[in-house]
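Everything on this sheet refers to the single structure shown next.
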Amino acid sequence: MGVLLRGQEIMPIPAVTHPGTGQFVVNASFKISVTGKCDFRVSHAVDRFLQRLSRRTGIPLPNLQNDSAPNFVLTCDSGGEEIQGLEEDESYVLQLTSAGARLQAPDPLGVLHGLQTFLQLVVQGPNGFAVPAMTIKDHPRFPWRGLLIDTARHFMPVAVMKRNLDGMEALKFNVLHWHLSDDQGFRIESNRFPKLQQFGSDGMYYTQAEVRDVIQYARDRGIRVVPEFDVPGHSTSWFVGYPELASAPGPYQIERGWGVFDPAMDVTKDSTYKFLNDFIGEMAGLFPDRYFHIGGDEVNGKQWKNNPQIQDFMQQHGMKDHRDLQAYFNKRLQEMVSKHGKIMVGWDEILHPDLPQEIVVQSWRGQKSLAEAARRSSRGLLSSGYYLDLMFPAVRHYGVDPLSGSTASLAPEEKQRILGGEACMWAEFVTANNIDDRIWPRAAAVAERLWSAQDVKDVDSMYARLQKTSEYLDWLGLKHNANHRLMLQRLRGSSDIQALETLAGVLEPVKEYFREKTGNYDNTTALNRLVDTVHPESDIARQFRGLVDRYLARSSTPEEVQQMRIRLAQWRDNDQKLAPVLQESPLLKEIVPISRDLTTVGATGLQALDYLDHGGRAPTKWRHQQLAFLNDAEKPQAELFDMIVPAVKKLVQATSSQ
Ligand code: ACM
């Protein structure tokens, strides 16, 4: 397990921490005062801070600002920008001593960050609730630290957006990338073109009042909101109400399936540009942020190829393929976006010599396009490697750096153009029920990569802090653990979930695009199975792997060996309790074999330990039999991996070489 340095229990790790002596005790005499040129965000943040601190400690902490004897003095030097910008100074200095606390920042954003740091530092000790004495000088490595939430594939109610904004604030994310339209849904009210939401959303869309509310909620938390309207592909839902925008005659229906589809806007018609200009004008007025995302990914060109008028147009303009036509579209689109006062952002497919340098390129396909963009003086964002929907462990995202691979060799001024990155929560297999669990706590690993120094990369420390972060997010009201339990109870049909939890605890969902590729899913499919319920990453399996590795390196303590045996016995015996339940449940029947196999996996691990503990080799025949079984058990069943199997395999393999 990672060693936590005092004062560094938090995520993301601050830039500089100087330890002090003693503690700043949080009790009923806690009094905060605010000085300087603070804006409303600071007073709202102080209210929120006191409510959270009170909730965390159970101590009533009324907001007694300007009390005569404050022990927490907060100073902000400026009111900050009207519209949160990339150049704003997000730094802060937090001084914690046994006599009192001071938080000083040049801008309200630094105050917000410093308050989050304070909240995460609260511990319980001999003096009750307290924060260890220290001085923190902190600032972010990158100015753009985003989370994309796809609300098109599955709609996410406002409450879901808000609690995830709370989580983002805690982790110092500062951009919500709101994916608002795609083939499967158009999720925002347009007054100018109401058939967009009327025909394209199944009634599930945000009113403009709700959007303003979410934007305000985000601004209060130091978070910009960048809307994405994906064009000219990924746009079937637009065509249900406005088929004249498409490159093939309608009628169109909302797409139910997952994948890349043919419909694309007819980008050769002036009427399309007239429509988009009016639409962008309306949305540019609604979203105050300076950046506007136009998607631009995965246009397959099929509708363009099959339309003779479009083919003629391409020929007249000397375009050799659909990429040239998309570049022509992007150029005209960029002029419109710019005319409406916004800077255009698009996925890396938009990168083209004809586009002005001011565009921002968001890479989902690797660092290469970012390096290319930076060399031509455009700015870039990394999302490749940060796709939370692929169900990879946190360590995998943690290891991806915006300035690694192709971008590592950029000149210093080119590196400046890499603005940061965004974790992406695509929602094909995500609902309001399990989205928190798919985002948190893994997104915190990305948050740290984007905030903390490049050399902060100790994986054990990250996992130790991720665990604390997860617990902290529970207190904030995130539902990654609460809904996980509720979903287990739904599967079980009662609250008696202990045995089911034991099994679920060692399982992980299949990775990458495995489920999408089965073709068994669309957005009418219920996502209520065990694969939708288990956490993306099994902490128990990771811890067990650690125990096995130390055991095989002969560095484990007797307690750790005992722990391994207790776990293995628990897994061996679990199916006895669980099997009768599984048999009678339509939702759980598919995991009968996984539960049964866990018995053998546990027993095999114990047998291997017996052989190894007695210094002996196991009979070759036994080893081969067990490995044959484990190789099978390692494959996914019911779209779930048993994550214990690889470690047990290691134990069995070790019985040949002792
Ligand atoms: C993307 O994943 N197509 C942006």
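The values are calculated or read from the model by the stated rules, or taken from the named source; none is laboratory data. This is a predicted model, so every value here is computed, not measured. No Cβ is skipped: glycine too gets one built from the backbone with ideal geometry, and neighbour counts run over all protein chains shown. All accessible areas refer to the heavy atoms of the entire protein, side chains included, with ligands and DNA or RNA removed. Shrake-Rupley method; radii C 1.70, N 1.55, O 1.52, S 1.80 Å.
Each Lys and Arg adds +1 at its Cβ and each Asp and Glu adds -1 at its Cβ; summed about the Cα centre, the range 1-125 shows a dipole of about 740 debye. Note on surface exposure: ASP278, ASP573, ASP107 rank ASP573, ASP278, ASP107 by accessible area, highest first, 1.4 Å probe. Which of the listed residues, LEU112, HIS177, GLY146, is farthest toward the dipole's positive end in the range 106-237, when Lys, Arg count +1 and Asp, Glu count -1 at the beta-carbon? Among LEU112, HIS177, GLY146, the one farthest towards the positive end of the dipole of the range 106-237 is LEU112.
Sorted by accessible area (1.4 Å probe), largest first, how do ARG375, ARG550 line up?
Values: ARG375 130, ARG550 65 Å².
Sorted descending by solvent-accessible area, the residues read ARG375, ARG550.
Indicate the gyration tensor shape class of the range 71-180 (rounded, prolate or oblate), computed on the Cα atoms with a ≥ b ≥ c the square roots of the eigenvalues: a/c under 1.5 is rounded; otherwise a/b larger than b/c is prolate and the rest oblate. Note, shape of the range 71-180 comes out oblate. Each Cα pair under 8 Å and six or more residues apart adds its separation to the average, and for the chain the resulting relative contact order is 12 percent. The fraction of all Cα pairs in the range 1-155 landing in successive 10 Å bins from 0 to the largest distance is 10, 38, 34, 14, 3, 0, given as whole percents.
Between the C-alpha center of the range 406-428 and that of the range 261-290 there is a gap of 27 Å. Mean projected area of the Cα convex hull of the range 378-504, taken over all directions, amounts to 9.5 nm². Can you give me the Cα centroid spacing of the range 135-192 and the range 608-658 in angstrom? Centre-to-centre distance over Cα atoms comes out at 44 Å.
Helices in the chain that qualify as membrane-span-like (whole DSSP H runs, Cα extent of at least 30 Å along the helix axis, mean Kyte-Doolittle hydropathy of 1.0 or higher) do not occur.
From the largest down, the chain spans 81, 70, 51 angstrom on the principal axes of its Cα atoms. Taken per residue, the accessible surface of the chain reaches 39 Å², heavy atoms only and a 1.4 Å probe.
Short-range pairs are left out: with C-alpha atoms under 8 Å and at least six residues apart, the relative contact order of the range 402-537 is 28 percent.
Among the protein heavy atoms of the chain, carbon and sulfur supply 51% of the accessible surface, probe 1.4 Å, non-protein parts ignored.
Give the peptides 459-469, 474-484, 137-147 in descending order of average Cβ contacts within 10 Å, highest first. Mind showing how you got there, number by number?
On the way: 459-469: 19.3, 474-484: 17.5, 137-147: 21.5.
Descending mean neighbour count gives 137-147, 459-469, 474-484.
For the pair the range 21-91 and the range 538-593, the centres of their Cα atoms are 45 angstrom apart. Phi angles of the range 293-307 translate, via the Karplus equation with coefficients 6.51, -1.76, 1.60 and θ = phi - 60°, into HN-Hα couplings of 9, 10, x, x, 8, 6, 8, 8, x, 5, 5, 5, 5, 8, 10 Hz per residue; Gly and Pro are given as x. Charged side chains reduced to their Cβ positions (Lys and Arg at +1, Asp and Glu at -1) give the range 359-507 a dipole of some 360 debye around its Cα centre. Rounded to the nearest Hz, the phi-derived 3J(HN,Hα) couplings of the range 77-94 under the Karplus curve 6.51 cos²θ - 1.76 cosθ + 1.60 (θ = phi - 60°) are 7, 8, x, x, 7, 4, 10, 3, x, 6, 8, 5, 7, 9, 6, 7, 10, 10, where x marks glycine and proline. Sorting 362-371, 490-499, 176-185 by their mean Cβ neighbour count within 10 Å, with the most densely packed peptide first, gives 176-185, 362-371, 490-499. When shorter helices are ignored and each DSSP H run of at least 4 residues is given -39500 (n - 2.57), the per-residue value for the chain at 222 nm works out to -13000 deg cm²/dmol.
Is there a pair in LYS37/LYS162; LYS517/LYS635; LYS589/LYS649; LYS269/LYS339 whose C-alpha atoms are over 22 Å apart, and which pairs would that be?
Values: LYS37/LYS162 27 Å; LYS517/LYS635 17 Å; LYS589/LYS649 27 Å; LYS269/LYS339 20 Å.
Violating the 22 Å Cα-Cα cut-off are LYS37/LYS162; LYS589/LYS649.
Annotation: amide H-H contacts under 5 Å for GLU422 (H modelled 1.01 Å from N, sequence separation of 5 or more, or interchain): GLY146, LEU382, SER383. Our summary gives the range 166-244 a relative contact order of 44 percent, counting only alpha carbon pairs under 8 angstrom and 6 or more residues apart.
Of all DSSP beta bridges located in the chain, what percent are antiparallel, nearest 5? Walk me through the numbers before you get to the answer.
Details: 27 of 70 bridges.
About 40 percent, rounded to the nearest 5.
So which GluC sites (Glu not before Pro) in the range 8-88 pass both tests, a DSSP loop state and at most 11 other Cβ atoms within 10 Å of the Cβ?
Numbers: sites: GLU9, GLU81, GLU82, GLU87, GLU88; in loops: GLU9, GLU81, GLU82, GLU87, GLU88.
Here the GluC sites (Glu not before Pro) that fit, given the DSSP loop and packing criteria, are GLU82, GLU87.
Only one residue of SER29, LEU86, THR17 has its Cα farthest out toward the positive end of the dipole of the range 4-124, where Lys and Arg carry +1 and Asp and Glu -1 on Cβ, and that residue is SER29. The overall shape of the range 211-288 is prolate: from the C-alpha gyration tensor, with semi-axes ordered a ≥ b ≥ c, the ratio a/c is 1.5 or greater and a/b exceeds b/c. For the chain, the dipole from Cβ point charges (+1 on Lys and Arg, -1 on Asp and Glu) about the Cα centre works out to 1280 debye, to the nearest 20. The lysines within cross-link reach of LYS368, meaning a Cα-to-Cα straight distance under 21 Å and a gap of 8 or more places when in the same chain, are LYS415.
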